[in-house]
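The values are calculated or read from the model by the stated rules, or taken from the named source; none is laboratory data. Treat the numbers as computed from the prediction; the structure is a model and nothing was measured. Here Cβ is always computed from backbone atoms with ideal geometry, including for glycine, and neighbour counts include all displayed protein chains. With ligands, DNA and RNA removed, areas are computed over all heavy atoms of the protein, side chains included. Shrake-Rupley method; radii C 1.70, N 1.55, O 1.52, S 1.80 Å.
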Amino acid sequence: MSERRRATVAVAVVALVAAAAGAGVAWWRTSGDDPPPQAAAEFFALSLPDADGNAQPLGQWRGRPLVVNFWATWCAPCVEEMPDLQRVRDEYRARGAEVIGLGIDRAENIRAFRDAHRLTLPLLVAGMQGTEIGRAFGNAAGVLPYTVLIAADGRVAQRKVGQIRPAELRRWLDAQLDRP
């Protein structure tokens, strides 16, 4: 093997190892700790305004599987996954599940986004408080998007850092709704 080819292979190997190490560190830093058992109870005690300024007590969704998606209008993967969240909500709402979005954003941005995309899922305005709510659910780094499934019994059943795919969300919900 020529010296030039050997150097190219060495650089490629180093790049792959660095990429794998970087991905591992990113996962470790954003995976967070398991949320404490009282995280959902504290969440359900809150009230947040919706995009129109109407107070929405989060306790209204207690007792059913609830998908909580932390997002922002300026977050590209958040924007990309929002139509999927709407479709999944439309599919599962009649079975008792709900999907809500907690916007780490301003009401006018959330309202404009909702209207432009014709969304009907509840979009609440959490502002910077939403980052702290996400941290309580184990999102230590405050990464967006962040999705949590709260089971009907109030425990945190699933968490996902980054964009969630509809198939994964459906698996989460089916597992909750098919429980005896």
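Before moving on, here are some points about what is shown:
- Projecting the Cα atoms of Pro122, Ala72, Leu177 onto the charge dipole of region 72-180, computed from C-beta unit charges around the Cα centre, puts Leu177 farthest toward the positive end.
- Ala167-Glu80 pseudo-label distance in nm [points 7 Å out on the Cα-to-Cβ vector]: 1.6
- Stretchable slack from Ala136 to Arg5, in nm (0.36 nm times residue separation minus alpha-carbon distance): 42.1 nm
- Phi angles of region 82-93 translate, via the Karplus equation with coefficients 6.51, -1.76, 1.60 and θ = phi - 60°, into HN-Hα couplings of 4, x, 5, 4, 4, 4, 5, 4, 4, 6, 9, 4 Hz per residue; Gly and Pro are given as x.
- Computed accessible area, Asp174, all protein chains, 1.4 angstrom probe, square angstrom: 50
- Ordering of 62-73, 133-144 by burial proxy (mean other Cβ atoms within 10 Å per residue, highest first): 62-73, 133-144
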